[in-house]
1. Confirm whether residue 43 is closer than 30 Å to residue 63 by Cα and either assigned to a helix (DSSP H, G or I) or in contact with a helix residue (DSSP H, G or I) (Cβ under 6 Å, 6 or more places away or on another chain) (or both).
2. Do any residues in segment 65-88 that are on the phi < 0 side of the Ramachandran plot and in a loop (DSSP other than H, G, I, E, B) have Cβ atoms under 6 Å from those of residues that are surrounded by 15 or more Cβ atoms within 10 Å (Cβ to Cβ) and at pLDDT 70 or above, where the two are at least six apart or on different chains, and which pairs are they?
3. If only one of 52, 32, 48, 26 is within 30 Å of residue 80 (Cβ to Cβ) and touching a residue at least 24 places away in the same chain (Cβ under 8 Å), which one is it?
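The values are calculated or read from the model by the stated rules, or taken from the named source; none is laboratory data. Treat the numbers as computed from the prediction; the structure is a model and nothing was measured. Every residue, glycine among them, receives a Cβ derived from its backbone with ideal geometry; neighbour counts consider all protein chains shown.
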């Protein structure tokens with residue numbers, strides 16, 4: 001078979017080993033990033049618990065409070081849901 005002869009060379013074995021090392025590093029990075037993202041959800045929950053509408057003390061106008069960090073985390077959650085990652089805890093506040 002051609003695959004056996006191709007994989008018999010030293011160069012091909014070196015390439016496969018390098019590919020496996022890079023793949024392992026990327027998977028570890030993604031797992032660490034995902035764990036850090038899950039921990040950041042707790043900060044977002046505190047922001048979501050605050051009232052969205054507040055009344056300005058001087059003018060009496062209603063203002064909308066938006067936590068930019070929470071919006072970023074929610075957008076990331078939507079993206080991760082498309083990748084079928086564990087983000088169910090985000091929606092149960």
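1. Details: closer than 30 Å to residue 63 by Cα: yes; either assigned to a helix (DSSP H, G or I) or in contact with a helix residue (DSSP H, G or I) (Cβ under 6 Å, 6 or more places away or on another chain) (or both): yes.
The answer is yes for residue 43.
2. Within 6 Å, the pairs are 87/77; 87/80.
3. Details: 52 fails: touching a residue at least 24 places away in the same chain (Cβ under 8 Å); 32 fails: touching a residue at least 24 places away in the same chain (Cβ under 8 Å); 26 fails: touching a residue at least 24 places away in the same chain (Cβ under 8 Å).
Among 52, 32, 48, 26, only 48 is within 30 Å of residue 80 (Cβ to Cβ) and touching a residue at least 24 places away in the same chain (Cβ under 8 Å).
Residues are listed down the side, and each one gets a yes or a no for (1) closer than 30 Å to residue 75 by Cβ; (2) under 29 Å from the mean Cα position of the chain (by Cα); (3) modelled with pLDDT under 90; (4) part of a helix (DSSP H, G or I):
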| site | (1), (2), (3), (4) |
| --- | --- |
| 6 | no, no, yes, yes |
| 18 | no, yes, no, yes |
| 21 | no, yes, no, yes |
| 60 | no, no, yes, no |
